[in-house]
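Reviewing the structure listed below.
The values are calculated or read from the model by the stated rules, or taken from the named source; none is laboratory data. Everything numeric here is computed off the predicted structure, so don't read it as measured data. For neighbour counting, all protein chains shown are included, and Cβ atoms are generated from backbone atoms with ideal geometry for every residue, glycine included.
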Amino acid sequence: MITRSQAKALDEMKAFHGEPPAWANTRPALCDAIEWFRSVQGGSYQHDKLCFGFLVDGCNGARPYLDEEVIITRMGGDSEKVSESELVLKKDQEWGGIIITAIMAAFNIDQPVGLVIGKLLYSHGFQLPHRYCVMDYFRITDVWHERMGTHAGFRIRFEKLDLSTKSWWAPRGSLDPPPLALRNFNMLPSSQMCSTCGKASTQIYMEGWMCLEPECSKFWKIGNADPTNLTYHPDFLSYRSLGLPGRPAPGPLVNTADRKLREWDRTVDRNAWRGIVCPDCKKCLQRILWCGWKCSVDPALGPHESCCYQAFRNIIPVSIKTVIAGVKSYGRNQLTCRIQPSIDPKSCKPYETRTYVLPGVGSITHFVSNKGINERPGGPHDLFRNLQNVDLGLRRYPLSQAVVGGTLTGHFVGMPYKYVVSVDSRAFSGAPPVILAALGRLSWATEKAVINAGDDYLPPNELLALGYFEGMKIGYHDDGESTLGPTIATLSLGSKSKMCIRMKAKYYNGATKANVPLAIDPVLGGCNGEQERRLLKDEFEAGQLTEEEYRAEREGMLRTLKSRANPPDMIKLELQHGDMVVMHGADLQKYFEHSVIPEQRLRFALTSRYIVPELIPPEQHWKGEFELRGDQIYNGQ
Ligand SMILES: O=C(O)CCC(=O)C(=O)O
């Protein structure tokens, strides 16, 4: 039996002659799978100053028009939303902007432009079956200025490129399009020269001709009067253009994946984690799983979706030599940092350690590996190879804080290995040897770093694997979780990468995003206006300032201090194959955030932490201690 929402979706499909060649529930999925629309924000996609794709969605302005072959819409940008369905221009849209330049470039060379239609299109009264539907290739036939409220904005007429086939969005039961041989391509809408500015404008509206040059005093006037209730002239809607003789040929509208193996599908290259269009249900699918694409695991699955398509690929193993070729492993340059490390070549030998102290917060210790360590049996070379032969359950997850809904993590995350029984975890007792070997190394590095900091060592009891294909990265984030102890250690395998650590904006500036002083200002070393903030805090703590005075002083200071949404990096590390990093400090994750950007083709990061058993929620069962044994224990050799 089908549900009500399934029935509704089926009814919506029935309104059209056909079905979209590709569709998506989220913008990131659409942009991942459709080559000519790689624009996660904004209404058009341009590359090298040429427009390739356009989205018709949301508010289309006054007089939007859509039939089986022609679409008239506004150009996005320079506007603000005044209601769910209404955008108003904040300023005139002028020639020379990025979007219009790309649109005009496409217009001038008759570049085919792919169109996507969105379900939020408020004006045409038809219900699309999906949030985003690919329409077809179009040509841009006219671009002109209209008065929109108090400003002048661009409008664009798109005409379907292939006039010989019926559009899928044509109403069900409508007449077929006239054959090309019976069409008159010579009939163009009339045009007139403006007697004031001397420039020609096409007659677009039934109600009369208007000069469409916004600089002209006669702009948007019929005679001398402002126009009202305009409708498009039938000649403007019905003419069809032949296009330019040498126009660029369109690529495939949709690259529907077939079950044949594509060359790069088995690699870890950038192309291998692009989206595909499902050959069965035509949905744009992101690569969510390390091993390939699967319709049913899409986090944006709609209620009536039940497609079983999957395309799994055995990834061709990547040799460590190809990944680290040309990377110098000894005597590495220290990246420029605000904090200088203390370098210790001896106490964790054969690793060199570089310890960065964040005053009052904690420390970050970088264990610098070398060729000898990496090549030893069971060392980083072997770990890198072995990780490629086990199933780590790696997948990408939706980012909850993403600006654009449906954005997935830019890296793969494995199912964590834990001592606790929780639904989304695996037990160490069944972990492959490579995971336990990594845990051994991370435990050793954690112990060294923590003891060196004069604190008590808590052996890590959780391990998480992360995987990065070419071009993947993890943006600024913290690893703070309520059940975590004060230490997080990471083993880096494969591609060289850059790790950046910075203070969170709120603590760097001592204020919220809205520039309101923090109730408790920690005044961390290296923060914005540190001296002045420290002085005020000292005076407040010594009782020389009341709470109101302290706040008022800081408000005054914030008015003159330039706050930074993106504080500068305090520490930058070049992580190479085999290196480990230990971040230690109870409040380190509260005050600081970090990002990691790999530079080459394949990288794994294994992070280990200590979960505080007492803080585990009762529904998860604490399984007790787990001891590494024999060659799982690492002693630095
Ligand atoms: O890839 C890395 O080295 C860092 C991973 C990380 O930041 C995390 O697990 O939170």
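Checking K513 against (1) assigned to a loop (DSSP other than H, G, I, E, B); (2) among the charged types (D, E, K, R); (3) more than 16 Å from the ligand (Cβ to nearest atom); (4) surrounded by 18 or more Cβ atoms within 10 Å (Cβ to Cβ), which single condition isn't satisfied?
Unmet condition: (4).
Test each condition in (1) modelled with pLDDT under 95; (2) over 21 Å from M499 (Cα atoms) for D479 and report the one that comes out false.
Only one criterion in (1) modelled with pLDDT under 95; (2) over 21 Å from M499 (Cα atoms) is unmet by D479, namely (2).
Yes or no: G454 at pLDDT 90 or above and either of a type in the set (A, V, I, L, M) or out of contact with any strand residue (DSSP E or B) (no Cβ under 8 Å at 6 or more places or on another chain) (or both)? Explain how you work it out, then say what you get.
Numbers: at pLDDT 90 or above: yes; either of a type in the set (A, V, I, L, M) or out of contact with any strand residue (DSSP E or B) (no Cβ under 8 Å at 6 or more places or on another chain) (or both): yes.
So G454 passes the test.
Check G585 against each of (1) in contact (Cβ under 8 Å) with a residue 40 or more places away in the chain; (2) over 15 Å from I339 (Cβ atoms) and name the one condition it does not meet.
(2)
Going residue by residue through segment 537-550, is there one that turns out to be of a type in the set (A, V, I, L, M), more than 30 Å from F469 (Cβ to Cβ) and not assigned by TED's automatic domain parsing to the domain that holds L394? It would help to see each step written out before you state the result.
Residues of segment 537-550 of a type in the set (A, V, I, L, M): 542, 545.
Now restrict to residues that are more than 30 Å from F469 (Cβ to Cβ): 542, 545.
Pick out the ones that are also not assigned by TED's automatic domain parsing to the domain that holds L394 and you get 542, 545.
Looking through segment 537-550, at least one residue is of a type in the set (A, V, I, L, M), more than 30 Å from F469 (Cβ to Cβ) and not assigned by TED's automatic domain parsing to the domain that holds L394.
Could we say that G410 is in the same structural domain as T607 (by TED's automatic domain parsing) and within 15 Å of the ligand (Cβ to nearest atom) here?
Spelling it out, G410 is indeed in the same structural domain as T607 (by TED's automatic domain parsing) and within 15 Å of the ligand (Cβ to nearest atom).
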